[in-house]
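The values are calculated or read from the model by the stated rules, or taken from the named source; none is laboratory data. In this text the structure is predicted, and so the values were computed from the model without any measurement. Cβ placement follows ideal geometry from the backbone for every residue including glycine, while neighbour counts extend to all protein chains displayed. These accessible areas exclude ligands, DNA and RNA; they are computed on the full protein's heavy atoms, side chains included. Shrake-Rupley method; radii C 1.70, N 1.55, O 1.52, S 1.80 Å.
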Amino acid sequence: MRITMIGTGYVGLVSGVCFSDFGHDVICVDKDPRKIEMLQAGEVPIYEPGLDALMAKNVEAGRLSFTTDLMSAVDGAEAVFIAVGTPTRRGDGHADLTFVMAAAEEVAQALTGYAVIVTKSTVPVGTNRKVKQVVAKANPEAAFDVASNPEFLREGAAIDDFMRPDRVVVGVQTERAGEVMAEIYRPLFLRDFPIVTTDLESAEMIKYAANAFLATKITFINEIAALCERVGADVKEVSRGVGMDGRIGNKFLHAGPGYGGSCFPKDTSALARIGQDHAVPQSIVETVIRVNDDIKHRMIEKLRDLCDGSFNGKTIAVLGVTFKPNTDDMRDAPSLTIVPALVGGGAKVRVVDPQGFREGEALLPGVNWQDDPYKAAHNADLVVLLTEWNEFRALDLDRMAKKMATPRMADLRNVYSPKDAKRAGFEAYEGVGR
């Protein structure tokens, strides 16, 4: 099957590469010529483990190509996926659909035969019907259907999520569109992965409801962590005991500095606005958004206490600034709130992150980038473990403590135990919820 993928961000590029690995002929389109030049040269503009090798394999097989020419890419396509950004719109919290609608209009002009126009981007309920209206208006003669196919990819594990999904969600209006989507995902169906076929609105809502629930779960355990600190409980033990309940599960029950990334912040905000627009306030989601912001600021106060009440003149090493490990994505990362507070308070901040420099250099001005955690800790007053990269999971704590001016650690991911930190020579250690 011939597929066109519009957008080469995390969702579009991973989806396009994986579809080509299914055996489909895929053309990925992007308006950014620099991105396309990189991709045509075999370079991946994002960091996603395993993506470079899978991309090279399918380019070599002749199933995958890249272009800036949307007209030629859409010509003859049986399915056209829209995988462009839907950032939070400034001022009102809604998802900005500018790029989605612009892509839909361009696709309409390029259609030469029947195709299913598939929205892969995360969009509010009702968007796919609007896409249908835009296409029909731009090209009244066009033969097409629309479909909703939200993604559920975790950055850092996106390929595995695509190839071995918990489920694939497809929203369609017609039997013909359903048949096209079934053919696209046939390799997964043959391996018994669940394909949920439903209506457009339900498919759109599934995506928002899933992300809001996960964000709620993270925020819940972070609030419990704050209470654990006051009553003398250990949130790791609490999470373990709670997560053994099969009705709850242990995923997303790890206390930390709050959620970030490309999905949870914008999707919770969009869902809250959708509820307000339809006079059905999403009170739980609204509270999650507020509490998550509070958690990040609570972390700042935790660090300030470890610096004897002031960051001024202190040297602080920050380990990890991406919103999670195994990605270079900095969008809404807790570091974007915490690190500027350190710098603004007068601290000299050294940052170590295996992939964060590419985006972080512009987003975190005033910091000194290092490539080694022990160098960053030399004569430092505080080490902050902010993102749990594997490189930071087996640190030589004795070596680190000896290098520091005042050996103190804020372990905001609870990677180490307080006993091990104290035994290694840290005079102060603070985790989250302990």
Can residue 341 be described as out of contact with any strand residue (DSSP E or B) (no Cβ under 6 Å at 6 or more places or on another chain), among the hydrophobic types (A, V, I, L, M, F, W, C), surrounded by fewer than 17 Cβ atoms within 10 Å (Cβ to Cβ) and more than 21 Å from residue 214 (Cα to Cα)?
no
Considering every residue within the range 122-130, establish whether at least one is touching a residue at least 60 places away in the same chain (Cβ under 8 Å), part of a strand (DSSP E or B) and surrounded by 23 or more Cβ atoms within 10 Å (Cβ to Cβ).
no
Tabulated pairs, the range 232-254, first over 24 Å from residue 430 (Cβ atoms) and at pLDDT 95 or above, second of a type in the set (S, T, N, Q) and part of a loop (DSSP other than H, G, I, E, B), C-beta under 8 angstrom, 6+ apart or interchain
244/250
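Yes or no, residue by residue, for (1) farther than 21 Å from residue 149 by Cα; (2) touching a residue at least 60 places away in the same chain (Cβ under 8 Å); (3) in contact with a Cys (Cβ under 9 Å, 6 or more places away or on another chain):
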site	(1), (2), (3)
42	yes, no, no
47	yes, yes, no
59	yes, no, no
80	no, yes, no
84	no, yes, no
88	no, yes, no
91	yes, no, no
Qualifying positions in the range 253-268 - of a type outside the set (Gly, Ala, Ser) and closer than 19 Å to residue 329 by Cα
257, 259, 263, 264, 265, 266, 267, 268
Residue 352 is checked against (1) touching a Leu at 6+ places or on another chain (Cβ under 7 Å); (2) open to solvent by 50 Å² or more (accessible area, probe 1.4 Å); (3) under 21 Å from residue 256 (Cα atoms) and fails just one. What number does that condition carry?
(2)
Report the residue count in the range 210-235 for those that are within 20 Å of residue 257 (Cβ to Cβ) and not in a helix (DSSP H, G or I).
2
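Rundown of residues vs (1) open to solvent by less than 10 Å² (accessible area, probe 1.4 Å); (2) not hydrophobic (A, V, I, L, M, F, W, C), yes/no style:
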residue: 3; (1), (2): yes, no
residue: 16; (1), (2): yes, yes
residue: 22; (1), (2): no, no
residue: 29; (1), (2): yes, no
residue: 35; (1), (2): no, yes
residue: 43; (1), (2): no, yes
Only listed residue being open to solvent by 60 Å² or more (accessible area, probe 1.4 Å), more than 22 Å from the chain's Cα centre (by Cα) and of a type in the set (A, V, I, L, M, F, W, C), chosen from 59, 107, 116, 74:
59
Within the range 342-359, the count of residues that are farther than 21 Å from residue 404 by Cβ, under 25 Å from the mean Cα position of the chain (by Cα) and not acidic (Asp, Glu) comes to 5
State whether one or more residues within the range 153-160 are in contact with a Ser or Thr (Cβ under 7 Å, 6 or more places away or on another chain), on the phi < 0 side of the Ramachandran plot and in a loop (DSSP other than H, G, I, E, B).
yes
Filter the range 246-273 for residues that are open to solvent by 20 Å² or more (accessible area, probe 1.4 Å) and part of a helix (DSSP H, G or I); which is farthest from residue 152 (Cα to Cα)?
273
Can you go through 428, 362, 333 and tell me which one is in contact (Cβ under 8 Å) with a residue 40 or more places away in the chain and either open to solvent by less than 20 Å² (accessible area, probe 1.4 Å) or under 22 Å from the mean Cα position of the chain (by Cα) (or both)?
333
Residues to consider are 134, 118; find the one that is assigned to a strand (DSSP E or B), closer than 19 Å to residue 6 by Cβ and of a type in the set (Val, Ile, Thr).
118
Residue set 145, 92, 160; condition modelled with pLDDT of 95 or more and out of contact with any strand residue (DSSP E or B) (no Cβ under 7 Å at 6 or more places or on another chain); output residue 160
Determine, yes or no, whether residue 207 is of a type outside the set (A, V, I, L, M), free of Cβ contacts under 8 Å to residues at least 60 places away in the same chain and outside any strand (DSSP E or B).
no
Residue in the range 232-240 that is under 19 Å from residue 291 (Cβ atoms) and surrounded by 20 or more Cβ atoms within 10 Å (Cβ to Cβ) present
yes
Mind checking which residues of the range 303-317 are under 26 Å from the mean Cα position of the chain (by Cα) and either more than 14 Å from residue 334 (Cα to Cα) or open to solvent by 40 Å² or more (accessible area, probe 1.4 Å) (or both)?
317
